[in-house]
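See below for the structure under consideration.
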Amino acid sequence: MHLVLVPGLWLPGASWGRVVPLLEAAGHTVHPVTPPGMGSRRLDRSRIGLRDQVTDLLALVDSLAGPGAAAPEPVVLVGHAEGGALVHAAVDARPRLVRRAVHVSGTPRSDGHRGPDLPVVDGEVPMPEWWELDEPFTRGLDDVTRAAIRAMAVPSPAGVLTEPQRLHDSDRLRVPTTVVACARSSTELRRDLMRARPGSDELALLDDLTWVDLPSSHWPHLTHPAELARVLLEAAAAPAADRREGLAVGRTG
């Protein structure tokens, strides 16, 4: 099976480095994605928008599972935080090619919605200082991990946050989806979503939704790679209509 790993804001594909070998050891082919504009701090990303990154992801999905693929295999798309916006847009564009979508520390971005409102500098969004981030984003991080995140961080294109999500195919709602709650529990996350957008969030429309609690941090691929890898392997293997509400995954180290 192909597992495609999409990072969230400020991170390149290398941020999945501690998870990739664990998934490969289970026999999967793993593709950590570095979206356009995220390969270097020196790039001009001022004209890159959400659709540019989605188009790049779709090209990969088509090469792995589309009609022209050399050896098509099932594809599971995994998005960390705001990387879930790319994943959900790809599911919308290719619902028949995606076996399951997994959102880690995030949820699908609904049609017409934009990303969080963060300061834009010269067409890009620099990673804020740690003290500027809300507590759930810093929970569970030691100084070593903070330094590692900061060292690999690249400003994100502003257009990825300011360009609205555009969804068109209702078949996306039938693609099995797993949401992995990390820094906040699934109970907290669902409560906050209902307060913000009661009954209108994309999650409320999905036919096959599984919630998994992974007590860790907002960045579990860096702080709890073994536990996250286990969750991803279980999600990849799960059949459709697997509705194990509130499944808890305890820490193993």
Checklist outcome for this item: Flagged in the range 201-231 as part of a helix (DSSP H, G or I) and touching a Pro at 6+ places or on another chain (Cβ under 8 Å), in numbering order, are Glu202, Leu203, Glu227, Leu228
Next on the checklist: Gly106 - would you say it is within 11 Å of the chain's Cα centre (by Cα), small (Gly, Ala, Ser) and modelled with pLDDT under 95?
Outcome noted: yes
Checklist outcome for this item: When (1) modelled with pLDDT under 95; (2) under 26 Å from Pro21 (Cβ atoms) are applied to Ala147, the one that fails is (1)
Checklist entry - Across the range 117-135, what is the total count of residues that are loosely packed, with under 14 Cβ neighbours inside 10 Å and outside any loop (DSSP other than H, G, I, E, B)? => result 5
Checklist entry - In the range 18-46, what residues are in a loop (DSSP other than H, G, I, E, B), surrounded by 15 or more Cβ atoms within 10 Å (Cβ to Cβ) and not β-branched (Val, Ile, Thr)? => result Arg18, Ala26, His28, Pro35, Pro36, Gly37, Met38, Leu43, Arg45
Next on the checklist: I'd like to check something: does the range 57-71 contain any residue that is touching a Lys or Arg at 6+ places or on another chain (Cβ under 9 Å) and either in a loop (DSSP other than H, G, I, E, B) or among the β-branched types (Val, Ile, Thr) (or both)?
Outcome noted: yes
Checklist entry - Do the conditions hold for Arg94, that is, is it among the basic types (Lys, Arg), surrounded by 16 or more Cβ atoms within 10 Å (Cβ to Cβ) and more than 15 Å from the chain's Cα centre (by Cα)? => result yes
Checklist entry - Using beta carbons and a limit of 6 Å, which pairs, at least six apart or on different chains, have the first residue in the range 120-144 and within 25 Å of Ile48 (Cα to Cα) and the second one among the hydrophobic types (A, V, I, L, M, F, W, C)? => result Val120/Ala158; Gly123/Ala158; Glu124/Ala158; Val125/Leu118; Val125/Ala158; Met127/Trp10; Met127/Ala153
Next on the checklist: Pairs please, first residue from the range 1-28 and over 15 Å from His103 (Cβ atoms) and in contact (Cβ under 8 Å) with a residue 40 or more places away in the chain, second anywhere and of a type in the set (Ser, Thr, Tyr) and part of a strand (DSSP E or B), Cβ atoms under 8 Å, 6+ apart in sequence or on different chains.
Outcome noted: Met1/Thr29; His2/Thr29; Trp10/Ser156
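Suppose we keep only residues that are hydroxyl-bearing (Ser, Thr, Tyr) and touching a helix residue (DSSP H, G or I) at 6+ places or on another chain (Cβ under 8 Å) within the range 136-176. Which one would you say is surrounded by the fewest Cβ atoms within 10 Å (Cβ to Cβ)? Full working, then the answer.
First pass over the range 136-176, keeping only residues hydroxyl-bearing (Ser, Thr, Tyr): 138, 145, 156, 162, 170.
Next, only the ones that are touching a helix residue (DSSP H, G or I) at 6+ places or on another chain (Cβ under 8 Å) stay: 138, 145.
Working: Thr138: 16, Thr145: 14.
Top of the filtered list is Thr145.
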Next on the checklist: So Leu161 ticks every box in (1) part of a strand (DSSP E or B); (2) more than 26 Å from His224 (Cβ to Cβ); (3) among the aliphatic types (A, V, I, L, M) but one. Which box is left unticked?
Outcome noted: (1)
Next on the checklist: Condition (residue is farther than 21 Å from Glu188 by Cα, at pLDDT 95 or above and either aliphatic (A, V, I, L, M) or in contact with a Ser or Thr (Cβ under 7 Å, 6 or more places away or on another chain) (or both)) applied to the range 61-73: is it met by at least one residue?
Outcome noted: yes
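Among the residues of the range 55-96, how many are small (Gly, Ala, Ser) and touching an Asp or Glu at 6+ places or on another chain (Cβ under 9 Å)?
Matching residues across the range 55-96 total 4.
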Checklist entry - Of Arg114, Arg99, which residue is charged (D, E, K, R), surrounded by 14 or more Cβ atoms within 10 Å (Cβ to Cβ), touching a residue at least 12 places away in the same chain (Cβ under 8 Å) and touching a helix residue (DSSP H, G or I) at 6+ places or on another chain (Cβ under 7 Å)? => result Arg114
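The values are calculated or read from the model by the stated rules, or taken from the named source; none is laboratory data. Just so it is clear, the model here is predicted, and its values are computed rather than measured. Here the Cβ is made from the backbone with ideal geometry for all residues, glycine too, and neighbour counts use every protein chain on show.
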